[in-house]
Amino acid sequence: MTTTLPEAGPAGMLAGLAAAGYTVDQRGEFAILDYMIEVGPKAGETVKIGLALVQDWPLSPPPGPHVSPRLGHPDGAVHASPLTTDGEEWEYWSRPATNWPADRTVRGYLRHLRTLFSQLEPPA
């Protein structure tokens, strides 16, 4: 019996996103994908997510998502993103995946994204 280990590095990360059903646009060192928000006050809306392609994937997760359009995050630590261009506004959420050692997979990172979006505040 042969066991196939998942690919490592950026190729493994891209393969995992594709296996999860995402069409990924690679922009340099970033994977860009359309992401439908599943929970929280923005549930049902689609945003763009940019993830840094990590060289030592799956040992390390992306450092945090880049989000377009800008939504802000109630816990702060929102910064300018290098993905911002003339036509797109992006922000970087400095939110490392805290439970990464328990599930070093795309599925684990998507769980992290769901948690982040569940924390958004409803419109006033």
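Given the structure, is Pro62 surrounded by 18 or more Cβ atoms within 10 Å (Cβ to Cβ), of a type outside the set (Gly, Ala, Ser) and in contact with a strand residue (DSSP E or B) (Cβ under 7 Å, 6 or more places away or on another chain)? Yes; evaluated as a whole, the condition is true for this residue.
Restricted to segment 18-79, the set of strands (runs of 3 or more DSSP E) holding at least 1 residues that are modelled with pLDDT under 95 comprises 25-27. Condition check for Ala19 on (1) more than 16 Å from Arg107 (Cβ to Cβ); (2) exposed (fewer than 14 other Cβ atoms within 10 Å of the Cβ); (3) of a type in the set (A, V, I, L, M): one failure, at (1). Within segment 102-118, identify whether any single residue is assigned to a loop (DSSP other than H, G, I, E, B), modelled with pLDDT under 95 and aliphatic (A, V, I, L, M), and answer yes or no. No, every residue in segment 102-118 fails to be assigned to a loop (DSSP other than H, G, I, E, B), modelled with pLDDT under 95 and aliphatic (A, V, I, L, M).
Residues are listed down the side, and each one gets a yes or a no for (1) of a type outside the set (Gly, Ala, Ser); (2) farther than 30 Å from Pro122 by Cβ; (3) touching a residue at least 24 places away in the same chain (Cβ under 8 Å):
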{"residue": "Ile32", "(1), (2), (3)": "yes, no, yes"}
{"residue": "Thr46", "(1), (2), (3)": "yes, no, no"}
{"residue": "Gly50", "(1), (2), (3)": "no, no, yes"}
{"residue": "Trp57", "(1), (2), (3)": "yes, yes, yes"}
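The residues of segment 80-97 that are assigned to a strand (DSSP E or B) and among the acidic types (Asp, Glu) amount to a single one, Glu91. Scanning segment 70-113 for residues that are in contact (Cβ under 8 Å) with a residue 24 or more places away in the chain, basic (Lys, Arg) and either in contact with a strand residue (DSSP E or B) (Cβ under 7 Å, 6 or more places away or on another chain) or exposed (fewer than 15 other Cβ atoms within 10 Å of the Cβ) (or both) gives a single hit, Arg107.
The values are calculated or read from the model by the stated rules, or taken from the named source; none is laboratory data. None of these values were measured; they are calculated from a predicted model. Every residue, glycine among them, receives a Cβ derived from its backbone with ideal geometry; neighbour counts consider all protein chains shown.
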